[in-house]
Amino acid sequence: TCVLFSEFSRLARNATELLEQVNFFRERKIDLYFEKQDVWVTDKKTDLGSTILLHVLAVMSSYEIELFAERSLSGKINKLQAGGGGGIEFAYGYKLNEAKKLVKIDDEAQVVERIFTEYANGKSSIQICDILNAEGVPSPYKKRLGEKREERRRQGLDEKEYKRFDLDELMWRPSSLNRLMHNEIYIGKKNVIFHKPDPTNPVPVDKRKDREVVFEYNEYDENLRIISDELWYAVQDRLLKASYNKNNAVKRENLLKALMVCGECGSNFSVSGSTVNS
C-alpha cells in the first residue's frame, strides 16, 4: 500500500508532527511518496543518511510554511494600507473594485440601512430575517457563493457541490444579522487587527488565547459609510440591552442537537428556553 502526497505540508504542518506521522505509517507497513520533495518513505530499514535527510527536509518544510504565512500577512497589511479590504471586503455591502479598492455595493447598502432602521425601530432579528426571506432578498452567504459558482462556470470548471446545504436554500439567519449589526465598517470605520501567524498550531484560530498582535489598522473613511452615527448607536444600545437580559449561566444540554438539521438552511438547530411567570 502506498499513499501519495503533493508535499510534506499535506501530511503535517510542523517537523515534529510530520515525523510522528511518518512513523505511524511505517509501523503499519504503508509506503509514502512526497512529490515536491521527491522522497519515498517505506517501512524497510533505511540507512542513516536517508534518515538524516528526512529530518532535514521536515524542518525545512516547516520553516517554509512559517515563512509563507509571514509573507502572506505582510501582503495583506500592504494591501490594506493601499486602500484594499484586508478582509473587510467580505462584509455584506462591500467589494473590491477593479483597482482593488474597497467600495460599497449600492443594493446591498440599502439592505444594510434597512436592517439597522428596522432593528432600531423595535423589530427583532428573527422578524427582520423573516421579512427579508419572504421578499427573496439573497442572504450574504448565498450571494457570495452564487458569485463564486458563476465564476467557476465562466472558467469552465465543474460546479462545486456543497454537501451540508443546498445553495439555493440559504436564508437570512439571526446570527448573521447580529454579526452584521456589530460591524463598525457601516459607519466608515476600518478596524482590522492582524495577529502573529502560527500555522503549525493545531488549535483552531477562534479558540486560541493571548494571541500576539503584530499590526492594528484604524481609519475612518466617509466614502464607506452606510448609516449615520445616530442610527449606529441606537442599534448598539438595543443590542447591549438584549445581551444583558440573557442568562448565559443557564446551560441546556440536548443530546439530539447535532442530529437536528433545519430543512431550509441546513444548519443545526439551537436550543433555547424561557421562564413563564404564572
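Quick check: is even one residue across segment 115-123 over 29 Å from GLU216 (Cβ atoms) and open to solvent by 80 Å² or more (accessible area, probe 1.4 Å)? Yes, there is a match, as at least one residue in segment 115-123 is over 29 Å from GLU216 (Cβ atoms) and open to solvent by 80 Å² or more (accessible area, probe 1.4 Å).
Looking at segment 4-15, which of the residues that are among the hydrophobic types (A, V, I, L, M, F, W, C) and surrounded by 15 or more Cβ atoms within 10 Å (Cβ to Cβ) is modelled with the lowest pLDDT?
Out of the qualifying residues, it is ALA15.
Residue-level check: of (1) at pLDDT 75 or above; (2) surrounded by 15 or more Cβ atoms within 10 Å (Cβ to Cβ); (3) assigned to a helix (DSSP H, G or I), VAL137 misses just (3).
Here the condition is being assigned to a loop (DSSP other than H, G, I, E, B) and at pLDDT 75 or above; of GLU70, GLU98, GLU108, GLU113, it holds for GLU98 alone. One residue stands out among those in segment 16-53 that are modelled with pLDDT under 75 and not charged (D, E, K, R): the one that is most open to solvent (accessible area, probe 1.4 Å), which is LEU48. In this entry, THR1 passes the filter for residues that are over 27 Å from the mean Cα position of the chain (by Cα), modelled with pLDDT of 75 or more and open to solvent by 50 Å² or more (accessible area, probe 1.4 Å).
Note on segment 79-112: residues that are over 21 Å from the mean Cα position of the chain (by Cα) and open to solvent by 90 Å² or more (accessible area, probe 1.4 Å) total 4.
The values are calculated or read from the model by the stated rules, or taken from the named source; none is laboratory data. Remember, predicted model here, so these are calculated numbers, not experimental data. For neighbour counting, all protein chains shown are included, and Cβ atoms are generated from backbone atoms with ideal geometry for every residue, glycine included. Note: accessible area is taken over every heavy atom of the protein model, side chains too, but ligands, DNA and RNA are not part of it. Shrake-Rupley method; radii C 1.70, N 1.55, O 1.52, S 1.80 Å.
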